[in-house]
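Peer 1: Structure incoming, see below.
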């Protein structure tokens, strides 16, 4: 009796493991990825409004507790503001949030590198949904003209690339993610690749010849090499530190993202497809 | 599991996904947030053994896979293995032991996160091991200890009526110890 129960238990687990492995294979296989992607797309279309509904209910509660926990710092900040701006404080406090949103939207409209490319402005609705990836979710998807592979810009430079597109939402891989690689150009026609090293580590610029002349703060732009994944001229990162270890075949360069990844409220998705 | 239990478990999984994606991801400490997913197979395994733990882990993982950017099926695989191993390792332990749930939650969550990252890297998602493991393990481990009691209560409700180990304990004793 106990043996048959143990056998049944083992069989159940084996079936579930095989099923899981089959799903993973379907997802990672280029030809069958559309199956899992389709399932995820349908699930996200159902899930997104439900999630928004829950957020609408719990947000006021969260805001209440956030205000309560930050009461001390808010009070001292308010005193400083009262000393410096007096009567204007109340008016600015009321309009601050709207002004900030407006400034971000205005800045998006004047980014020099967008040139004549069409863009879709989107709002970030979710950040870092997994502990293992640096991704954000936007409130625009296929129905709004956002597709997989499109670059995402804002807050001063390149933010990332769309990796999943659903009906009305899309997932963007940030340039700090470990999977992100961006071909860049800088200085006198020099090229390299800016590699993400995960959200908690500095990005690096690789494939740069040893002893290349650089300076701190030098900006690296997306390159215009054939079949590049991004349109040319988008600011990607600026040099933070550089040196060439003895005997190394390339210069060791640490870079910071040009885009302020702490300000991702509004972003532009560039409707750009790499030339074939 | 009976049909009624399956519906209840599905409801608990749905609630867990919603809470995870609305409340938990907002609680970021050191770049990491609590993870409710692993607590579902752990509590199911503690209440009803390795088979139920594996089944709940598989379906919970699949539900989370629908909304996560990681490979589809990976959470289901790890959840299934976690439920089975937790149930097998704790089969001989007195389910009334006060230390059982916190220890299982801490060890299980941290082990599951490690396995999840390593399997992801093996499957070509190198970024999954390029994270601050210490921060992730600390946040997920400590939060799991705190959250295991309410999740266990939900799972007990979902599995009520099952011929599980916990049901051998009197209802009064059970309610005192969650």
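The values are calculated or read from the model by the stated rules, or taken from the named source; none is laboratory data. The shown structure was predicted, so the numbers you read here are calculated from the model rather than taken from an experiment. Backbone-built Cβ (ideal geometry, glycine too); neighbour counts: all protein chains shown.
Peer 1: In the stretch A:182-208, what residues are away from chain B (no Cβ under 11 Å) and free of Cβ contacts under 8 Å to residues at least 24 places away in the same chain?
Peer 2: A:188, A:189, A:190, A:193
Peer 1: Could you identify the single residue in B:32, B:26 that is at the interface with chain A (Cβ under 8 Å from one of its Cβ atoms) and either surrounded by 24 or more Cβ atoms within 10 Å (Cβ to Cβ) or under 12 Å from the mean Cα position of the chain (by Cα) (or both)?
Peer 2: B:32
Peer 1: Could you please let me know if residue B:70 is assigned to a loop (DSSP other than H, G, I, E, B) and either in contact with a helix residue (DSSP H, G or I) (Cβ under 6 Å, 6 or more places away or on another chain) or within 11 Å of another protein chain (Cβ to nearest Cβ) (or both)?
Peer 2: It is true that residue B:70 is assigned to a loop (DSSP other than H, G, I, E, B) and either in contact with a helix residue (DSSP H, G or I) (Cβ under 6 Å, 6 or more places away or on another chain) or within 11 Å of another protein chain (Cβ to nearest Cβ) (or both).
Peer 1: Out of A:39, A:17, A:46, report the one residue that is part of a helix (DSSP H, G or I), at the interface with chain B (Cβ under 10 Å from one of its Cβ atoms) and at pLDDT below 90.
Peer 2: From the options A:39, A:17, A:46, the qualifying one is A:46.
Peer 1: A further question follows. When the stretch A:241-255 is examined, which residues are found to be surrounded by 16 or more Cβ atoms within 10 Å (Cβ to Cβ) and in a strand (DSSP E or B)?
Peer 2: A:242, A:253, A:254, A:255
Peer 1: Taking residue B:150 and the conditions (1) more than 26 Å from residue A:180 (Cβ to Cβ); (2) within 14 Å of chain A (Cβ to nearest Cβ); (3) at pLDDT 95 or above, which numbered condition does it fall short on, given that it satisfies the others?
Peer 2: (2)
Peer 1: Just to be sure I understand the filter: pairs with C-beta atoms under 7 Å, separated by 6 or more residues or on different chains, first member in the stretch B:73-85 and at the interface with chain A (Cβ under 7 Å from one of its Cβ atoms) and at positive phi, second member surrounded by fewer than 24 Cβ atoms within 10 Å (Cβ to Cβ) and part of a helix (DSSP H, G or I). Which pairs pass?
Peer 2: Note: pairs meeting the criteria are B:73/A:23; B:73/A:24; B:73/A:27.
Peer 1: Let me confirm something: among A:30, A:53, which residue is farther than 19 Å from residue A:146 by Cβ and not in a helix (DSSP H, G or I)?
Peer 2: A:30
Peer 1: Taking the condition surrounded by fewer than 24 Cβ atoms within 10 Å (Cβ to Cβ), more than 7 Å from every other protein chain (Cβ to nearest Cβ) and in contact with a strand residue (DSSP E or B) (Cβ under 6 Å, 6 or more places away or on another chain), does residue B:139 pass?
Peer 2: Yes: the conditions hold for residue B:139.
Peer 1: Among the residues that make up the stretch A:259-271, is at least one of them touching a helix residue (DSSP H, G or I) at 6+ places or on another chain (Cβ under 9 Å), closer than 27 Å to residue A:27 by Cα and assigned to a strand (DSSP E or B)?
Peer 2: yes
Peer 1: Do we have any residue at all in the stretch A:118-137 that's part of a loop (DSSP other than H, G, I, E, B), at pLDDT below 60, more than 14 Å from chain B (Cβ to nearest Cβ) and farther than 20 Å from residue A:55 by Cβ?
Peer 2: Within the stretch A:118-137 (the criterion being part of a loop (DSSP other than H, G, I, E, B), at pLDDT below 60, more than 14 Å from chain B (Cβ to nearest Cβ) and farther than 20 Å from residue A:55 by Cβ), the answer is no, since none of the residues qualifies.
Peer 1: Same structure again: Regarding the stretch B:125-135, can at least one residue be identified that is surrounded by fewer than 20 Cβ atoms within 10 Å (Cβ to Cβ), modelled with pLDDT under 95, touching a strand residue (DSSP E or B) at 6+ places or on another chain (Cβ under 9 Å) and within 23 Å of residue B:103 (Cβ to Cβ)?
Peer 2: So far as the stretch B:125-135 goes, yes, one or more of its residues are surrounded by fewer than 20 Cβ atoms within 10 Å (Cβ to Cβ), modelled with pLDDT under 95, touching a strand residue (DSSP E or B) at 6+ places or on another chain (Cβ under 9 Å) and within 23 Å of residue B:103 (Cβ to Cβ).
Peer 1: In the stretch B:57-67, how many residues are facing chain A (nearest Cβ under 7 Å) and either in a helix (DSSP H, G or I) or surrounded by 24 or more Cβ atoms within 10 Å (Cβ to Cβ) (or both)?
Peer 2: Selection size over the stretch B:57-67: 1.
Peer 1: Among the residues in the stretch B:44-55, are any out of contact with any strand residue (DSSP E or B) (no Cβ under 7 Å at 6 or more places or on another chain), without any contact (Cβ under 8 Å) to a residue 40 or more places away in the chain, in a helix (DSSP H, G or I) and within 9 Å of chain A (Cβ to nearest Cβ)?
Peer 2: Yes: the stretch B:44-55 contains one or more residues that are out of contact with any strand residue (DSSP E or B) (no Cβ under 7 Å at 6 or more places or on another chain), without any contact (Cβ under 8 Å) to a residue 40 or more places away in the chain, in a helix (DSSP H, G or I) and within 9 Å of chain A (Cβ to nearest Cβ).
Peer 1: Here's a follow-up. Can you tell me which residue among A:77, A:83 is exposed (fewer than 10 other Cβ atoms within 10 Å of the Cβ), in a helix (DSSP H, G or I) and either at pLDDT below 85 or more than 9 Å from chain B (Cβ to nearest Cβ) (or both)?
Peer 2: None of the other options fit; the residue is A:83.
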